[in-house]
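Step one of this worksheet: look at the structure below.
The values are calculated or read from the model by the stated rules, or taken from the named source; none is laboratory data. Computed from a predicted structure; not experimentally measured. We place every Cβ from the backbone using ideal geometry, glycine too, and count neighbours over all the protein chains shown. Side chains are part of the model used for accessible areas, which takes the heavy atoms of the whole protein and leaves out ligands, DNA and RNA. Shrake-Rupley method; radii C 1.70, N 1.55, O 1.52, S 1.80 Å.
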Amino acid sequence: LESWHAADQGRYVRLAMPARIGGGTLPRLRLVDMNHQPKGAVLAPPLVAAMAERIARGEQCLVLLNRRGYAPVLHCTECGWKSECPHCSAFRVFHKIDRTLRCHHCGFTERVPRACPTCGNPDIAPLGRGTERLEEHLAELLADVRRPNTACDAFPDGEPVRVARIDADTTRLKGELQSQLAAVHAGDVDVLVGTQMIAKGHDFRRITLVAAVNPDGALFSSDFRAPERLFSLLMQAAGRAGRDASLGERSEVWIQTFQPAHALYAALKRHDYPGFARTQLQEREQAALPPFTAQALVRAEARTQEVAQAFLNAASNGARHEMAQWEGWAGVLDQITLYPAVPMTIQRVANIERAQMLVESPSRTALQQFLTAWQAVLHATRHGPEGKGLIRWAVDVDPLAI
């Protein structure tokens, strides 16, 4: 959106490419209101029926779920134990295929315990869904569906549906991604399940239906850029459907949501990025967020959260004290907002505590002048008593994630 705004201001030249290569039409978007579907349904029955219809015609489907693994958490129903990582402030993800609990931040892996480590209850269950579990569930839902009849004598009424999964877990080995993509292009896969790595840049000629499962989380994220990323991801995923012009007329994108009236989905249904961008930029201007303000983020890592935050707060106080005495700097400091140090969203990774401090200014020039002068204060603080125990620090100008 920052680049889009720069084009509106005349800094960039915007080139519009409204037509698809090959003359194909854009897919029709359907919103599935999950409030009206059977309770607990992972995939809406109308979506499953539409997928079965496509498969019976020899077409392919793509199902997007941006969360790998079998389930994000294992939990105990008796005592409330959850599969937390001992080295990170995050949960270890359950991977059923090798029966492991794996942290996606530090890589710590353990076998799934036979019983709850806290109370001994043998009934520990997965909570939530990842691509691995969705792949298994799709195979169950489409078990009675048959592909178009082939010369295979073993299945005179057609072969069973073939569901494949592409994510970071299935493409670890060299050449795995290429071989799996080749199977999709050859028509050996009927339903492709995966994360965002299958949503961008692939030219799948037989895919006529794309489904997005559970995208609503980004609508209520604390990151103000989350809606922008979601809109971009869903537009890119939609672009996988109907790439063959002869199939484009019946290509569809299904989005399962509990918020069907949300403005983001209304703009997506119209394939209206300019309208979405206009609304988002109005909201950002009202909230004084980029591109209407300039930001920098100072991150610090230490063995304890107290040391990391103490370093950042000491550097902040040092900046005010030092620069207030410099001639001509009062005007710059008046345009700078230094927020207090806070833990990062995932504050501990691999036993390293992480903290951050946001610096804002309505003037990019003032922010750059402040950061240039602040470097000396940061270095001095690093070597002072407040920097004892600090591992590293870094300044991120125009941070993409806060």
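The figures follow:
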read-out: Boolean, Ala44 is buried (at least 17 other Cβ atoms within 10 Å of the Cβ) and either among the polar types (S, T, N, Q) or under 18 Å from Leu209 (Cα atoms) (or both); value: yes
read-out: Check on Thr118, open to solvent by 70 Å² or more (accessible area, probe 1.4 Å), in contact with a strand residue (DSSP E or B) (Cβ under 9 Å, 6 or more places away or on another chain) and modelled with pLDDT of 90 or more; value: yes
read-out: Count of segment 204-228 residues which are out of contact with any Ser or Thr (no Cβ under 9 Å at 6 or more places or on another chain) and either more than 23 Å from Pro274 (Cα to Cα) or without any contact (Cβ under 8 Å) to a residue 60 or more places away in the chain (or both); value: 10
read-out: Only listed residue being more than 16 Å from Asp398 (Cβ to Cβ) and aliphatic (A, V, I, L, M), chosen from Leu358, Leu371, Leu338; value: Leu338
read-out: Total residues in segment 93-105, condition under 23 Å from Met344 (Cα atoms) and either open to solvent by less than 30 Å² (accessible area, probe 1.4 Å) or at pLDDT 95 or above (or both); value: 3
read-out: Yes/no for Arg11 being touching a Gly at 6+ places or on another chain (Cβ under 8 Å) and open to solvent by 60 Å² or more (accessible area, probe 1.4 Å); value: no
read-out: Flag if Ile336 is touching an Asp or Glu at 6+ places or on another chain (Cβ under 6 Å) and either closer than 26 Å to Ala294 by Cβ or in contact (Cβ under 8 Å) with a residue 40 or more places away in the chain (or both); value: no
read-out: When residues of segment 179-236 are limited to those that are hydroxyl-bearing (Ser, Thr, Tyr) and over 12 Å from the mean Cα position of the chain (by Cα), the one farthest from Arg250 (Cα to Cα); value: Ser222
read-out: Top-ranked residue in segment 121-144 [being modelled with pLDDT of 90 or more, assigned to a loop (DSSP other than H, G, I, E, B) and under 32 Å from the mean Cα position of the chain (by Cα); ranked as surrounded by the fewest Cβ atoms within 10 Å (Cβ to Cβ)]; value: Ala143
read-out: Qualifying residue in segment 211-228 (condition: in contact with a Gly (Cβ under 7 Å, 6 or more places away or on another chain), among the β-branched types (Val, Ile, Thr) and crowded, with 16+ Cβ neighbours inside 10 Å); value: no
read-out: Number of the exception - Val48 against (1) modelled with pLDDT under 95; (2) among the β-branched types (Val, Ile, Thr); (3) within 30 Å of Arg147 (Cβ to Cβ); value: (1)
read-out: Phe292 vs. criteria of a type in the set (Phe, Trp, Tyr) and surrounded by 20 or more Cβ atoms within 10 Å (Cβ to Cβ); value: no
read-out: Matching residues in segment 237-268 - criterion: being without any contact (Cβ under 8 Å) to a residue 40 or more places away in the chain and open to solvent by 20 Å² or more (accessible area, probe 1.4 Å); value: Ser246, Ala261, Ala263, Ala266
